[in-house]
Amino acid sequence: MLTFPDGFLWGAATAAHQIEGNNVNSNWWVHENEPGTTIVEPSGDAADSYHRYREDMKLLADLGLNSYRFSIEWSRIEPERGLVSRASIDHYRRMVDAAHEFGIEPIVTLMHFTVPRWFERDGFWRAPDAADLFARYTELALPVVAEGVNYVCTINEPNIAAMLAGGEDASNLVAYGLPKPDLAVADALLLSHQRSREVLSQVSGLKTGWTVATQAFEAAPEDGAAEKLKEIADPAENWYLENIAGDDFVGVQAYTRNIVGPEGIRPPRPEVEKTLTEWEYFPPAAGIGVRAAWELSGHVPVMVTENGIATQDDPRRIDYTRGALEGLHACIEDGIELLGYQHWSALDNYEWASGYAPTFGLIAWDKETFARTPKPSASWYGEVARNNGL
Ligand code: GCO
């Protein structure tokens, strides 16, 4: 039996835009619905979790999980520059209260890729006042996290957000690692994170950090691969991990490794099962990412804030997750402070430019009725959580 530390946070993760539905004031909603978009389908109603979050949280609690990572939406809280929606702030406060009602710990992400359409209109992360605007948003969100929240992630995957900004359109998110990050954007994201943490420091006992996508790049054995790796590997990933010494924790989001040959990254990141091959979803990636974060950050405590697999083959999800957890237990054995594991994802959801085809969820839902159906992997994972190990 591999037993995890007492108090280990066994949870599942989601993001507002990917499950709530009708996030109409966000930049992604604009991109999804603009003529000629490369995004395969709009997010639309998603899983209607904006209205069904209580049902979702109760399902997770009944399975045996003790935590839930979800994000709140800037574009709902501030739908137009300077226009504050008290109703949206109250909605997310009710989400935090509901988590406690069901006995699960909320882990809140302030920005999970989406920003208000006005923020992108007014210069996006390149605007000189981007960090001021994000700090102001954090002030607006304080009532949501001021009570009953122990962990806040300010920004989800700034390294991917920097790539996204550097690329021509949202489809770059799917390419992962290929577009060069816009380093001016990378700077703005780091400053925004630091300003947000300053605001959050008003809340005593609140632990703040952010999440970084660790992509486990490795060079194929062929000649020329090492040079190509230097060219392609994500410079922002390590830089962000090296610049969080003061953070209370760092979220690691690791799924697979990226093998780089002289031609570049091997098969593109698989969006759907048909391209799934063994190395594309590589369970040890979770442990590789945790070790990188622990070392590069100077031993900032780590939480796996995303790890999972998009597959219709649910037994494969169980095998993958078992492999990831075995690797994470080895990290703990090696003295790494690992706070928890948030499986991606609680629900099947909108996988950005790839739409709804990739099914990462422990729980499926009917597109007509929104009825939820936990998969066998959900029961398996709930058992692991109840036993605090496997
Ligand atoms: C990301 C995001 C998630 C994705 C998940 C699966 O890493 O891109 O945090 O929103 O949906 O990682 O790709």
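Picking from W380, V24, V144, whose Cα lies most toward the positive end of the charge dipole for the chain (charges on Cβ: Lys, Arg +1; Asp, Glu -1)?
V144
Compute the Kirkwood hydrodynamic radius of the stretch 1-119, taking the inverse of the mean of 1/r over all pairs of distinct Cα atoms, and give it in Å to one decimal.
Here the Kirkwood hydrodynamic radius works out to 15.4 Å.
Kindly report, to the nearest 10 Å², the accessible surface of V203 as traced by a 1.4 Å probe over protein heavy atoms only.
20
If I build a Gaussian network model for the chain, linking alpha-carbon pairs within less than 10 angstrom, which residue out of G298, G11, G36 has the largest mean-square fluctuation?
Ranking G298, G11, G36 by mean-square fluctuation puts G36 first.
Can you tell me the relative contact order of the chain? Whole percent, Cα pairs under 8 Å, sequence separation 6 or more.
19
For the chain, modelled as a GNM with alpha-carbon contacts under 10 angstrom, which of T114, T373, T211 fluctuates the most?
The residue with the greatest mean-square fluctuation here is T373.
Any idea what the dipole of the stretch 45-102 comes to, in debye rounded to 20, about its Cα centre with Lys/Arg Cβ at +1 and Asp/Glu Cβ at -1?
Roughly 160 debye for the stretch 45-102.
As a test of reading the structure, rank D182, D6, D132 by solvent-accessible area (1.4 Å probe, protein chains only), most first.
Ranked list, largest accessible area first: D6, D132, D182.
Please express the shape of the chain as an equivalent ellipsoid: the semi-axes are the square roots of 5 times the eigenvalues of the C-alpha gyration tensor, given largest first in whole angstrom.
Ellipsoid semi-axes (Å, largest first): 27, 26, 22.
The stretch 1-109: which trypsin sites (Lys or Arg not before Pro) are DSSP loop and have at most 13 other beta-carbon atoms within 10 angstrom?
When the trypsin sites (Lys or Arg not before Pro) of the stretch 1-109 are filtered for loop state and at most 13 Cβ neighbours within 10 Å, R81 remain.
Quick check for me: using +1 on Lys/Arg Cβ and -1 on Asp/Glu Cβ, what's the dipole size of the chain about its Cα centre, in debye to the nearest 20?
580
List nothing, just return the count: lysine pairs in the chain, 8 or more apart or interchain, with Cα separation under 22 Å.
So the count of such lysine pairs works out to 7.
Determine the gain in length on full extension of the stretch D122-F370; use 0.36 nm per residue of separation and subtract their C-alpha separation, reporting nm with one decimal.
The span from D122 to F370 would gain 85.7 nm if fully extended.
Say we join alpha carbon atoms closer than 10 Å with springs in a Gaussian network model of the chain; which of G287, G123, G327 then has the biggest fluctuation?
G123
The values are calculated or read from the model by the stated rules, or taken from the named source; none is laboratory data. What you see is a predicted model, and the numbers here were worked out from it, not measured in a lab. In this analysis, Cβ positions are derived from the backbone assuming ideal geometry, glycine residues included, and neighbour counts consider all displayed protein chains. These area figures cover heavy atoms from the full protein model, side chains too; ligands, DNA and RNA do not enter into them. Shrake-Rupley method; radii C 1.70, N 1.55, O 1.52, S 1.80 Å.
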